[in-house]
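FYI, it's all coordinate maths here, none of it is from the lab. In this text, all values refer to a predicted model and were calculated from it rather than measured experimentally. For neighbour counting, all protein chains shown are included, and Cβ atoms are generated from backbone atoms with ideal geometry for every residue, glycine included.
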Amino acid sequence: MTGETADEKPIVFVIDDDESVRDSLSSLFRSVELKVMVFGSATEFLEIELPECPACLVLDVRLPGVSGLEFQDDLAKANIQYPIVFISGHGDIPMSVRAMKAGALEFLTKPFRDQDLLDAVGLALEQDRARRDKERSMTELRANYESLTPREKEVLPLVTSGLMNKQIAFELGISEITVKVHRANLMRKMAAQSLADLVRMADLLDLDSSQN
C-alpha cells in the first residue's frame, strides 16, 4: 500500500445481514488500517458508486433476498470482478464447492480465526490490485496502438512476425528506407525497448500478419 493516495487505498466491502457481525468485522479491518464499508444486503451494495481502488467482498452466504451465491453469479454477469471471500455459519460442503468453482477466493465457516480472514482479504486485495494494474497497462497499450498511422499498423505485425525490412518493403510495395522510418516510429509510439518487447505487445493485442 506504500505510495497509494487516499482514493487508491484498498477497501473491504462486508455484506452480512447480522449487524453484530458487520460491527465486529468492521472493527477487525479497521484495526489493521483497512478501509471498510458494511451492507446488510446485496441490494444495499448495488446502490453505491463503486470506487476506483483495489477492493474485495467479504460476503455472507445466507442473505435476505438475493443469496450470497446468487449475488456472486450476478456480479460475474455484470463484469464486476472483485475477489470474494465467503463467510458462512453453516458448514455446507456443496455450497463451498460451488462458490469456489465460481471463482471465490476463500470460503470460511463461522467461527473462523480473525487471522484466517485477514490473510484471505490480504490476498484478495493483492489480486485485485494486480488485476487493476493489468487493465491499466492494457488501456495504455491500446491507446499507444491507436496512435499509430494506418501504414504503421500494417508494418507492426510484419515486423513482429520476423520479416526483415526488405521483405516488409516487398510485401507492402514501399521502399526499404520507408519501412525503416515506419519501424522506428512505431517502436517509439508503442514505447517498445526491443523487438522482443514489441512481439509481447503484439501478442497482448492479438495482432498477427494475417490481419493485413
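Applying 1/(1 + (r/R0)^6) with R0 = 22 Å to the Cβ-Cβ distance of E33 and R132, what FRET efficiency is obtained, to the nearest 0.05?
It comes to 0.65.
Working from Cα positions, state the angle (0 to 90°, nearest 10) between the long axis of helix 176-189 and the longest principal axis of the chain.
20 degrees
Provide the three semi-axes, in whole Å and in decreasing order, of the ellipsoid equivalent to segment 147-211 as defined by the square roots of 5 times the Cα gyration tensor eigenvalues.
17, 13, 11
State to the nearest 20 debye the size of the charge dipole of the chain about its Cα centre, where the only charges are +1 on K and R beta carbons and -1 on D and E beta carbons.
Dipole magnitude for the chain comes out near 1080 debye.
Here are a few candidate values for semi-axes √(5λ) of the Cα gyration tensor in Å: [x] 49, 17, 14; [y] 25, 20, 16; [z] 28, 23, 14. Which one was actually calculated from the structure I just gave you?
Among [x] 49, 17, 14; [y] 25, 20, 16; [z] 28, 23, 14, the one calculated here is [x].
What percent does the relative contact order of the chain come to when contacts are Cα pairs within less than 8 Å and at least six residues apart?
14 percent
Evaluate the charge dipole of segment 127-189 about its Cα centre and quote only its size in Debye, nearest 20, assuming +1 on the Cβ of each Lys and Arg and -1 on the Cβ of each Asp and Glu.
200 debye
How high is the FRET efficiency between D23 and R200 when r is their beta carbon distance and R₀ equals 45 Å, given to the nearest 0.05?
Computed FRET efficiency for D23 and R200: 0.40.
When the helix-only estimate is applied to the chain (DSSP H runs of n ≥ 4, each -39,500 (n - 2.57), divided by the residue count), what is the mean residue ellipticity at 222 nm, nearest 500 deg cm²/dmol?
Result for the chain: -16500 deg cm²/dmol, rounded to the nearest 500.
With a point put 7 Å past each Cα toward its Cβ, work out how far A191 is from L172 in nm, to one decimal.
With each label point 7 Å from Cα toward Cβ, the separation is 2.3 nm.
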